1. Across the range 32-82, what is the total count of residues that are closer than 27 Å to residue 21 by Cβ and polar (S, T, N, Q)?
2. Among the residues of the range 63-81, is any surrounded by 10 or more Cβ atoms within 10 Å (Cβ to Cβ), at pLDDT below 85 and not aromatic (Phe, Trp, Tyr)?
Amino acid sequence: MNVGKIESQFMKKKRAKIYIALEEIDFIWDTREIREFIQMWRKGFSVKYIADYFERPEIDCVLLVMDLSIKGRIKPRLNGLF
């Protein structure tokens with residue numbers, strides 16, 4: 001299969017220069033990490049503390065908070081993220 005055929009099959013829009021949003025974010029979490037994260041969240045640990053614990057940037061944790069909240073796995077806290 002040639003490159004042109006592959007491009008036409010999978011690349012739906014032509015783009016001169018691309019920008020990938022959130023490219024540097026690590027969206028992958030182990031299920032054990034998720035359980036630990038939820039426990040820490042429920043105990044009131046700050047996002048900064050949790051990020052340091054998992055050795056990840058705070059933004060990774062903030063996005064996980066959003067995901068878990070949308071899915072109903074965690075609830076908002078009185079002090080929010082901090």
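1. 2
2. Checked against the condition, which is being surrounded by 10 or more Cβ atoms within 10 Å (Cβ to Cβ), at pLDDT below 85 and not aromatic (Phe, Trp, Tyr), the range 63-81 yields at least one hit.
The values are calculated or read from the model by the stated rules, or taken from the named source; none is laboratory data. Since this is a predicted model, take the numbers as computed values, not measurements. Cβ sites come from the backbone with ideal geometry, for glycine too, and all protein chains shown count toward neighbours.
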